[in-house]
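Student: For reference, the structure I am asking about is given below.
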Amino acid sequence: MNHRFFTLLGMLGVLFSLCLAGLPSTGLAAGWQPELRVGLFFGQSGAELQVNVPAVLQESDTEKRKVFFSPGKTMKIAVQSGKLMVDGKRTDAAKLSLRPQQKASLNTMQVTVNGKTYYGGIQILLRNGGMTIINLVNTEDYLRGVVPREMPPEWPAEALKAQAVAARTFALKHRKRHESEGYDLCASTHCQLYDGTASESESADAAIRATSGMVLMYGKELINANFHTDSGGMTESSQAVWGNHAPYLQPVKESATKTFPWKQSFSLENFSKQLAKAGYPVGTVKNVKLSKLTIGKGASDRSASGRVKIMRVIGTKGSKTIEGNELRSMLALKSTLFDVQLQGNQIHFIGYGFGHGVGMSQYGAKTLAGSWGYDKILSHFYKGVTLKKLY
Ligand SMILES: [Zn+2]
């Protein structure tokens, strides 16, 4: 039932955007969609470019010069004596844009930068004596380089659709995150992994097409669509992990618990050294104080899902309290959903799940995709949200 409702919404959305853009109704692909600027390379001294359609390089800030560029040719951009050089000719521009000719849509173009191919065009900024290379790409094409990097494309179709909606929402919510550096999003895990056409996959493309323009909203706002690898049995609130309250990012019980089990061990000597380095000089650790883990049961030192809030370490020179999140990053633990055991001169962290635990669990979505549609999966992990066709 939900599907039919969303399809109707979708058709209305497309009609609306076609009307807005004044475009002939030649097909769904003609609909407007947001253009993203994705930071690819930084501090480069040179780049070799190729295109698949006739393109034009323009000096965006001075608008002085246009260089036409055909498929089959290579264009060389370099920095020399603090100036950008285009095929050996000096330009005073600090910003160059490479787009398709004749106002063709960005969707029609692919550009190759030093051997790697991306959807859309590029922008080159002169910054701190080097070049920042930015991909100018429409949202749906951007997702084609993100979804297969964030979730294995052989996973079930409904899980891939849920991932596509979460990734689209995340990208549009965090547009302009890197504004001070001249672009919207970076291509690493800090924002979302993006690899251009290299990771292209038919199943991921199908999931993106099936959910085209669909985003998650809470009231009138795009949500912070956080996701992680595996919750271990219960997700976590954003409040507990990052200190910011979001009504839709609350702990959610999963059908299976104790998923993604892991064990990471350290010698007490090594553990003590790491603690001292992080500002907790307790001497050699002799004992730790932490209540026993029951998934879905909070305690004074654990959050509602059972993740470690604080742990007390007792050493030869004193004792200190350390936060679960800090322990996790200090020791590169898979999650904060763990128990601790001291055995001889070893300390063992025995836990479940992988990642911060906030929002959608990707392995959880994979399991649910066996019986649920992507819309139901998303409303399981993000409480009280609505799916909306944005374009
Ligand atoms: Zn980033």
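Student: Every residue in the stretch 294-347 that is among the basic types (Lys, Arg) and out of contact with any Phe, Trp or Tyr (no Cβ under 6 Å at 6 or more places or on another chain), please.
Tutor: Filtering the stretch 294-347 down to residues among the basic types (Lys, Arg) leaves 297, 302, 307, 309, 312, 317, 320, 328, 334.
Answer for the stretch 294-347, where residues must be among the basic types (Lys, Arg) and out of contact with any Phe, Trp or Tyr (no Cβ under 6 Å at 6 or more places or on another chain): LYS297, ARG302, ARG307, LYS309, ARG312, LYS317, ARG328.
Student: All but one of (1) part of a helix (DSSP H, G or I); (2) within 16 Å of the ligand (Cβ to nearest atom); (3) surrounded by fewer than 18 Cβ atoms within 10 Å (Cβ to Cβ); (4) hydroxyl-bearing (Ser, Thr, Tyr) hold for SER203; which doesn't?
Tutor: Tallying (1) part of a helix (DSSP H, G or I); (2) within 16 Å of the ligand (Cβ to nearest atom); (3) surrounded by fewer than 18 Cβ atoms within 10 Å (Cβ to Cβ); (4) hydroxyl-bearing (Ser, Thr, Tyr), SER203 fails exactly one: (2).
Student: Give the stretch 298-315 a look and list any residue that's crowded, with 23+ Cβ neighbours inside 10 Å and on the phi < 0 side of the Ramachandran plot, or say none. Steps first, answer last, please.
Tutor: Within the stretch 298-315, the subset crowded, with 23+ Cβ neighbours inside 10 Å is 302, 305-308, 313.
ARG302, SER305, ARG307, VAL308, VAL313 - these are the residues of the stretch 298-315 that are crowded, with 23+ Cβ neighbours inside 10 Å and on the phi < 0 side of the Ramachandran plot.
Student: Follow-up question, since we're still on this one. Looking at ALA365, ALA332, ALA369 in this structure, which one is within 26 Å of the chain's Cα centre (by Cα), of a type in the set (A, V, I, L, M) and more than 23 Å from SER238 (Cβ to Cβ)? Break it down into steps so the answer makes sense when it comes.
Tutor: Values: ALA365 fails: more than 23 Å from SER238 (Cβ to Cβ); ALA332 fails: more than 23 Å from SER238 (Cβ to Cβ).
The unique qualifying residue is ALA369.
Student: Determine, yes or no, whether ARG37 is charged (D, E, K, R), part of a strand (DSSP E or B) and within 19 Å of ALA187 (Cβ to Cβ). So that I can check it myself, show each step before the final result.
Tutor: On the way: charged (D, E, K, R): yes; part of a strand (DSSP E or B): yes; within 19 Å of ALA187 (Cβ to Cβ): yes.
Yes, satisfied.
Student: How many residues does the stretch 145-176 contain that are of a type in the set (D, E, K, R) and farther than 21 Å from TYR118 by Cα? I'd like the intermediate steps shown before the answer.
Tutor: Keep residues of the stretch 145-176 that are of a type in the set (D, E, K, R), which gives 149-150, 154, 158, 161, 168, 173, 175-176.
If we keep only those that are farther than 21 Å from TYR118 by Cα too, we end up with 154, 158, 161, 173.
Of the residues in the stretch 145-176, 4 are of a type in the set (D, E, K, R) and farther than 21 Å from TYR118 by Cα.
Student: List pairs: first residue in the stretch 188-200 and in contact (Cβ under 8 Å) with a residue 24 or more places away in the chain and near the ligand (Cβ under 8 Å from one of its atoms), second residue among the polar types (S, T, N, Q) and in a loop (DSSP other than H, G, I, E, B) anywhere in the structure, Cβ distance under 9 angstrom, at least six positions apart or on different chains.
Tutor: none
Student: Among the residues of the stretch 339-346, is there at least one that is touching a strand residue (DSSP E or B) at 6+ places or on another chain (Cβ under 7 Å), surrounded by 16 or more Cβ atoms within 10 Å (Cβ to Cβ) and either closer than 15 Å to GLU254 by Cα or of a type in the set (Gly, Ala, Ser) (or both)?
Tutor: no
Student: Taking only the stretch 267-297 into account, find how many residues are within 13 Å of LEU327 (Cβ to Cβ) and buried (at least 17 other Cβ atoms within 10 Å of the Cβ).
Tutor: Looking only at that region, the number is 6.
Student: Also, I was wondering about something else. Based on this model, can you work out whether GLY384 counts as touching a residue at least 40 places away in the same chain (Cβ under 8 Å) and touching a Pro at 6+ places or on another chain (Cβ under 7 Å)? Can you show your working first?
Tutor: Working: touching a residue at least 40 places away in the same chain (Cβ under 8 Å): yes; touching a Pro at 6+ places or on another chain (Cβ under 7 Å): yes.
Criteria met by GLY384.
Student: Working carefully through the options PRO34, PRO54, find the one that is at pLDDT 85 or above, within 30 Å of LEU216 (Cβ to Cβ) and not β-branched (Val, Ile, Thr).
Tutor: Numbers: PRO54 fails: within 30 Å of LEU216 (Cβ to Cβ).
The match here is PRO34.
The values are calculated or read from the model by the stated rules, or taken from the named source; none is laboratory data. If you're wondering where the values come from, they're calculated on a predicted model, not measured in any experiment. Positions of Cβ are backbone-derived with ideal geometry, glycine not excepted, and every protein chain shown enters the neighbour counts.
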